[in-house]
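**Q** Before I ask anything, let me first share the structure, which is written out below as structure tokens.
FYI, it's all coordinate maths here, none of it is from the lab. Quick caveat: nothing in here was measured; it's all calculated off a predicted structure. Here the Cβ positions follow ideal geometry from the backbone for every residue, glycine too, while neighbour counts run over all protein chains shown.
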Amino acid sequence: MGGKGEKPKLIMDDGRRHDGRAFNELRPIKMEVGVLNNANGSAYVEFGKTRVIAAVYGPREAQPKHIAIPYRAVLRCRYHMAPFSTDERKSPAPSRREIELSKVIREALEPVVMTELFPRASIDIFIEVISADGGTRTTSLTAASLALADAGIPMRDIVAAVAVGKVDGVLVLDIDQVEDNFGEADMPVAAAPALDEITLLQLNGTLTKEEFEEGLELALKGIRQIYSIQKETLRNKYLKVEVEE
Amino acid sequence: MSLTPSTPDYIIPKLKAETIAAIVKKGTRLDGRGLKDYRKLTIIPNYLPKADGSAYVKLGNTQVLVGVKMEVGTPYSDAPNEGVIVVSAEFVPMASPVFEPGPPDENAIELARVIDRSIRETHAIELEKLAIIPGKKVWMVWIDIYVLDHDGNLTDAASIGTLAALMTAKIPKFEITEDEQVLIDKSTYVGELPLRKKVVTVTIGKIKDALIVDPDQEEESVLDSKIMIAVDEDGVIAGIQKAGLASITKEEAIKAAEIAIEKGKEMIQKVTQVVQRPAEAAEEAEEEKAEEKTEEVEETPLEEEVPSEEAEEVEKEELEKPEEEKPTPEEAEPQQEEPPKKEEAPAVPEEEKAEEAEQEEKPEEDLEKESEETESLKPSE
């Protein structure tokens, strides 16, 4: 990947990564649902310095009308980065990258959302990256999935996502920005663990077939960890409701 | 904002959709191809006289032009001594009833970015050799993909075209003035665009449990999902993009990677053969033409000759109401019986080239009008 300045050492002599993590270790994760008042469902997800808020509106009447599909709901998805989320200010106008990511995130959620229950309606997913430090699409997807669940939208499973990278020749889980910028490969993966299905798969960089298989396995293991935090987060919300009543 | 498409690209009768799925399940395709076969491929390198590198690609009935323009620009501040690549794709309205005029939509952007990444990540172009005045002036390699006719698998057609166009691309003569301006003289070229790696994408569609290579438009309209996998000449995976509304399993992802590596190397060889030895390729194409005389006349249902026997049988089995279900015989190629050599040399002989050259005026005008937003060297992530 194109480097910014001098390439730092990414794998230390003791085999740890530049931030001290092991190769298969996720960044510190925080998740919360119901963070917004107006939205039907919302979530905040943090992976280290990557922070994302996702909101879901709907199912509601599809607007404009011509986008409606007679036999299912339309999923609408916008992935957007705040101007202050990056090192240099990002123009708020949607970039080509954001347009592509909106599409792949939507397509990663299509297999799990039971859109067939809401003909002619739309389910709108709005994602704002407020701090970007690598892995924003996977964090966004993890948050969007929680927000959908928080909105009470029927789903076959919850989607969790993480990127595997290759840095200094080593496959590592959940790469951050430095590892993305100076690594050899970045492979974001999303899966619905209960269904054992992959819903997003991209690779930016080069891998041999063996590395690809190994990386995929590493990603799926990380996804299962994230998935259990997601479920815990959703459960906790209802525990709290009980206490308050 | 990305929306679930409300109308598929191409609407086909339900019966036909079922037939496609059923026939694929049996290991063959409606047009007689095997699951891993590409359609007939024609490449004409150096197709556009005004471009610095170009190719025309016809894959089945999908037609794509790729033009490379070399211009002088300023480098990105984080890579001051490297040239810049910009890949854009235009799905022009003439190419399909569902393409509308306007800025590239998410599909065009996705296609351009998938190809951009495959080139960038393999370091296919030796960008460090493209500095003119280090830190100040570098070559910008503008790669413009122009879809002229959409019959499915635009990504692979565009990727093959991009490889061919890059292989033909040349660096114009230039002069550095005293005040560090660069004057270009495109009447003479001083060298070829330095390439380090060759890379193509292989698009694999999933229908139920089957994986098919190079889906045509009818097949695309019934695909559950598709995976585009970029592969370089050494069989290294150089990019993946899963698209479509359904999921895939881990096993399917791995299987797709295996198929892509096999087919990708094959396609790179074909492109190399046509571009580097156009004379031989043209000769072989001539022979091919002699054998299948009718071939030049496009769009006529000529090749109804022998859609491979088993395929035909299966089709019949599947078709309960044959009158509704003419399985577009024009696409049926006697694929399996063919010795592989014939397909490898698809360049078109002179007369046809001249014919096709007439098309080029119009698209090129558009090409200059459309000012595409510059792909930033790297995403801010």
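**Q** Going by how many other Cβ atoms sit within 10 Å of their own, how do A:Met187, B:Met267 line up, fewest first?
**A** Starting with the residue having the fewest Cβ neighbours, the order is B:Met267, A:Met187.
**Q** Right, another one. How long is the gain from B:Thr249 to B:Lys14 if the chain were fully straight, where each residue apart is worth 0.36 nm and the alpha carbon distance is subtracted?
**A** This chain segment gains 82.0 nm when fully extended.
**Q** Next question. Return the long-range amide H neighbours of B:Gly244 (sequence gap of 5 or more, or a different chain), with a cut-off of under 5 Å between placed amide H atoms.
**A** B:Lys226
**Q** Note down the net charge around B:Met167, summing +1 for each Lys or Arg and -1 for each Asp or Glu among other residues with Cβ under 15 Å from its Cβ.
**A** +1
**Q** Taking chain A as the reference, fit the longest principal axis to its C-alpha atoms, fit the long axis of helix A:136-150 to the helix C-alpha atoms, and give the angle between the two in degrees, 0 to 90, nearest 10.
**A** Compared with the principal axis, the helix lies near 30 degrees.
**Q** Multiply the residue separation of A:Lys209 and A:Asp87 by 0.36 nm, subtract the distance between their alpha-carbon atoms, and state the gained length in nm to one decimal.
**A** Separation in residues times 0.36 nm, less the Cα-Cα distance, equals 40.5 nm.
**Q** What number comes out for the charge environment of B:Asp179, summing +1 per Lys or Arg and -1 per Asp or Glu over other residues with Cβ under 15 Å away?
**A** Within the 15 Å Cβ shell, the charges total -1.
**Q** Related question: With r as the distance between the Cβ atoms of B:Met1 and A:Glu25 and R0 = 30 Å, compute the FRET efficiency 1/(1 + (r/R0)^6) and round to 0.05.
**A** E(calc), rounded to 0.05, equals 0.30.
**Q** Can you tell me the order of A:213-223, A:85-95, B:153-163, A:172-182 when each peptide is scored by its average per-residue count of other Cβ atoms within 10 angstrom, highest first?
**A** In descending order of packing, they fall as B:153-163, A:172-182, A:213-223, A:85-95.
**Q** While we're on this one: Can you sort A:Arg224, A:Arg106 by how many other beta carbons sit within 10 Å, fewest first?
**A** Numbers: A:Arg224 13, A:Arg106 25.
Placing the least packed residue first, the sequence is A:Arg224, A:Arg106.
**Q** Take every residue in peptide A:207-217, count the Cβ atoms of other chains within 10 Å of its Cβ, and give the average of those counts.
**A** Numbers: counts 7, 6, 9, 0, 2, 9, 5, 0, 0, 5, 2.
Partner-chain Cβ atoms within 10 Å, mean over residues of A:207-217: 4.
**Q** List the residues, sorted by chain then number, that are 5 or more residues from B:Asn81 or on another chain and whose placed amide H is less than 5 Å from its amide H.
**A** B:Gly135
**Q** Toward the positive end of the charge dipole of segment B:1-156, about the Cα centre and with charges on Cβ (Lys, Arg +1; Asp, Glu -1), which of B:Ile11, B:Ile132, B:Asn107 goes farthest?
**A** So the residue we want is B:Ile11.
**Q** Which value, in debye to the nearest 20, gives the size of the charge dipole of segment B:31-85 about its Cα centre, when Lys and Arg are +1 and Asp and Glu are -1 at the Cβ?
**A** So the dipole magnitude of segment B:31-85 works out to roughly 460 debye.
**Q** Is there a pair in B:Lys173/B:Lys265; B:Lys26/B:Lys226; B:Lys26/B:Lys263; A:Lys221/B:Lys242; A:Lys30/A:Lys90 whose C-alpha atoms are over 31 Å apart, and which pairs would that be?
**A** B:Lys173/B:Lys265
**Q** Any of B:Lys40/B:Lys255; A:Lys103/B:Lys170; A:Lys209/B:Lys16; A:Lys166/B:Lys170; B:Lys16/B:Lys40 with alpha carbons more than 32 Å apart? Name them for me.
**A** Listed pairs above 32 Å: A:Lys103/B:Lys170; A:Lys209/B:Lys16; A:Lys166/B:Lys170.
**Q** Convert each backbone phi in segment B:73-82 into a coupling constant with the Karplus relation 6.51 cos²θ - 1.76 cosθ + 1.60 (shift: θ = phi - 60°), then list the ³J(HN,Hα) values in order as whole Hz, x for Gly and Pro.
**A** Running phi through 6.51 cos²θ - 1.76 cosθ + 1.60 with θ = phi - 60° gives x, 9, x, 6, 5, 8, 9, x, 10, 10 Hz.
**Q** Also, quick follow-up: How big is the dipole moment of segment B:150-225 about its Cα centre under a simple scheme where the beta carbon of each Lys and Arg is +1, that of each Asp and Glu is -1, and everything else is neutral? Debye, nearest 20, please.
**A** In total the dipole reaches around 380 debye.
**Q** Then there is this: Whole-Hz ³J(HN,Hα) for each residue in segment A:167-184, computed from phi via Karplus 6.51 cos²θ - 1.76 cosθ + 1.60 with θ = phi - 60°, x for glycine and proline: what do you get?
**A** Using θ = phi - 60°, the values come out as 10, 6, x, 10, 7, 10, 8, 6, 6, 9, 4, 4, 5, 5, 5, 10, x, 8 Hz.
**Q** Could you please report the charge total around B:Ile268, scoring K, R as +1 and D, E as -1 over all other residues with beta-carbon less than 11 angstrom from its beta-carbon? Intermediate values should be presented prior to the final figure.
**A** Working: positive: B:Lys197, B:Lys198, B:Lys263, B:Lys265, B:Lys270; negative: B:Asp232, B:Glu233, B:Asp234, B:Glu266.
With Lys, Arg at +1 and Asp, Glu at -1, the net is +1.
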